Each structure stands twice: as structure tokens, then as C-alpha cells.
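One structure is given here, and the rest of the page talks about it.
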Amino acid sequence: MSNTMAPQPERPAFEEWAQARLAEINEPPEGQGWHLVFDPLAGPDLLAEAGRADSSAKFWPLYLNTYIEEALASGPHMVRLEPHSPLSGWALSKMRDMALGLLFLAETDKFEALYEHLQNFFECRLPGGRRAFFRYYDPRQFYGFTTYGDPDQGLLLLGPALKALGWEPGREITMELSQPRDRGFRCPPGGLGVGDAFSDHLFRECRIHTVIGGIINQVGEHYKARLAAKPLPEAYAMVQRLADQLAEYPLNNNNLALATFITIDKGQSFWRRPEVREALRNSGPGLDGFKKTLVELHQA
């Protein structure tokens, strides 16, 4: 298998970004190297597919707090991207349409330090003391690291890495965190505490993806099929546009999903009808009142 990206329908922004990353991976700065941290559940059979792309690559599971082999294999994995390995082209090709993972640049003698840091970062403590898995390697979550008001919060993810790069497949944009040198921070065993402000920010930034994923994974076949048939950027743009249109109303994820059902059935122009706008303005108080109005509009 060659160290190139497979031919795909043209998307200039992504193609330019991916080709530049491939060139960097193939010719890294002296004493440095690139690594991929990816989610084997982002698509079907990805771990086996990655192994076929480069049979000499060694994949390191980041979730080791288990004796259950299936759980270990389904957690995120880290792999060193050797220059001119076909694995690099494979990974970049996948990043266009799925939330595969992130690229990390680090000094070559700090592989173990980076692996241990990212392994510890996978677990976190939420407000109230609850423990959770931290999907920092998911580009939809990583986007929130790059947009948070306190840049030092995002840079904690890097640890010994000099860069972390990704492609957000819904928004179709590039993302990057970087630091000029290893500042010496290492995530301790058990992970970091995630405060309310940062946690809320990540949830807000993932909101559209959460609604889309909920519809595709949990709802009836009609809506699942209609939404899944759209390219992710098109589905993302549709739901984001809807969220912007209805921003003045009580709109949690459930109500936004219900409004998405209406849009799938009746079209985006439905929301511009005078009688619909009047019904929205007269909806009952709070989330429940707005939900009742949405249900009535859907049934009309």
C-alpha cells in the first residue's frame, strides 16, 4: 500500500490540509516524530483496517484500566506514524468524514512520556467527583479545547507534545494546539479535575454533533436513514442553521432533535411560514411549553 491518500470527491480545504500534514509526517523536524491517537469505534473494523494499512505498526491501547479484552480493544489507541508509512495516508483519508482522532508531534525520545500522559488524560473527574472517560482525541471534543477562553486549559492536553492537530468533520475546519517546547506538565494517574466552566463549554461546542448522533443511533429508521444519508457537513449545517433560527426559544437537545424531525419532514422553509412563527411566539413557558408547540407543529 502506498503512502498516499486514496482518491476521493474533491473538497479543497480538506485536501490541502491533508496533503500538507502528509508531507510533514513524511519529513518531520529532526529529532521529532508524529503520532496518531484514534478511536477504533469511529467506524466499522477500524483497528483491523489500520493494521492492514501497515502490518509493521504497533498499536498501543490507552485504556488499560480493565482486564476485559473487548473493552481494551474498543478504547482509543496510539500509534507512531513512521515517515512514508501507508498508515498516514489511510488515517488522513478517514479524517475527512469521521471523527477518527488527532495527530500529535513530539520529540522522538518522549514516546513513552507522551503515551503515559495521554493514557492518564483519558480519565477525568467531573464536577461533583464523578469519574468519566475524557474523549479528548475526538475532534468534536478537541474543537472545544481550541476555543476555550483560557488557552492554558487546552494546552494541558499537550503534555510533552509540541503540537496536536485535527480536522473537525462537521464544521469542516482545521484545529491546532501548539507550544514551542515541552513545559514539563504530565497528567497524573487518575486524570485531571474538569471544572464546570470547561465542562459546560465542551458540551456546548459538541451540541450539534450530540443531536445528530442521538438521531442516527437512537431514533426510528425514517429519521435515522434520512439524516445518515446526508454527508456529515451537510447534516451539521442543517442542524446548526436550525439551532440559530430557534435560538430565542427554550431549546435543549431534545427540543432541537424534535425540530430536526420537523425539518426533515417539512423542509427548512417550514420555519419561515407566518403561521409557524406565530405559533412559536405563542408557545407555552419553558422547555415543556416549547416542546408541546413543536409536537403540535409536527402533527399539523
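The values are calculated or read from the model by the stated rules, or taken from the named source; none is laboratory data. All of these numbers come straight from a predicted model, not from anything done at the bench. Heads up, the Cβs are rebuilt from the backbone with ideal geometry, glycines too, and the neighbour counts pull from every protein chain shown.
Taking (1) at pLDDT 95 or above; (2) under 23 Å from the mean Cα position of the chain (by Cα); (3) in a helix (DSSP H, G or I) in turn, Leu103 satisfies each apart from (3).
Take the conditions (1) within 23 Å of Gln299 (Cβ to Cβ); (2) exposed (fewer than 13 other Cβ atoms within 10 Å of the Cβ); (3) at pLDDT 95 or above; Ala243 misses just one of them, which is (2).
Only residues that are over 22 Å from Asp182 (Cα atoms) and assigned to a loop (DSSP other than H, G, I, E, B): list them for the stretch 27-54, please.
Asp39, Pro40, Leu41, Ala42, Gly43, Pro44, Asp45, Asp54
Across the stretch 169-183, the qualifying residues are those that are more than 22 Å from Arg96 (Cα to Cα) and not charged (D, E, K, R), and the one among them that is surrounded by the fewest Cβ atoms within 10 Å (Cβ to Cβ) is Pro180. Exactly one residue among Ala257, Ala237 is assigned to a helix (DSSP H, G or I) and under 19 Å from Glu168 (Cβ atoms), and that residue is Ala237. Every condition in (1) within 12 Å of Ala99 (Cα to Cα); (2) of a type outside the set (A, V, I, L, M); (3) in contact with a Gly (Cβ under 9 Å, 6 or more places away or on another chain); (4) not in a strand (DSSP E or B) is met by Gln153 except one, and the failing one is (1).
Looking only at residues in the stretch 156-185 that are in a strand (DSSP E or B) and of a type in the set (S, T, N, Q), the one that is nearest to Leu232 (Cα to Cα) is Thr174. In summary, Met98 fulfils each of the numbered conditions (1) more than 20 Å from the chain's Cα centre (by Cα); (2) surrounded by fewer than 24 Cβ atoms within 10 Å (Cβ to Cβ) with the single exception of condition (1). The numbered conditions (1) within 19 Å of the chain's Cα centre (by Cα); (2) at pLDDT below 95 are all true for Arg131 except (1).
Scanning the stretch 184-233 for residues that are of a type in the set (D, E, K, R), closer than 23 Å to Leu41 by Cβ and surrounded by fewer than 16 Cβ atoms within 10 Å (Cβ to Cβ), we see that the one that is modelled with the highest pLDDT is Lys230. Every condition in (1) surrounded by fewer than 13 Cβ atoms within 10 Å (Cβ to Cβ); (2) in a helix (DSSP H, G or I) is met by Glu248 except one, and the failing one is (2). Looking at Glu70, Glu16, Glu24, just one residue is under 26 Å from Arg181 (Cα atoms), of a type in the set (Asp, Glu) and either modelled with pLDDT of 95 or more or not in a loop (DSSP other than H, G, I, E, B) (or both), and that residue is Glu24. Taking every residue in the stretch 20-44 that is more than 24 Å from Gln141 (Cα to Cα) and polar (S, T, N, Q) and pairing it with any residue that is at pLDDT below 95 and in a loop (DSSP other than H, G, I, E, B), at least 6 positions away or on another chain, the pairs with Cβ-Cβ distances below 7 Å are Asn26/Asn3.
Selection of first residues in the stretch 267-285 that are among the polar types (S, T, N, Q) and of second residues that are not in a helix (DSSP H, G or I), restricted to Cβ pairs under 9 Å at least 6 apart or on distinct chains, gives the following pairs, ordered by first then second residue: Ser283/Tyr249; Ser283/Pro250.
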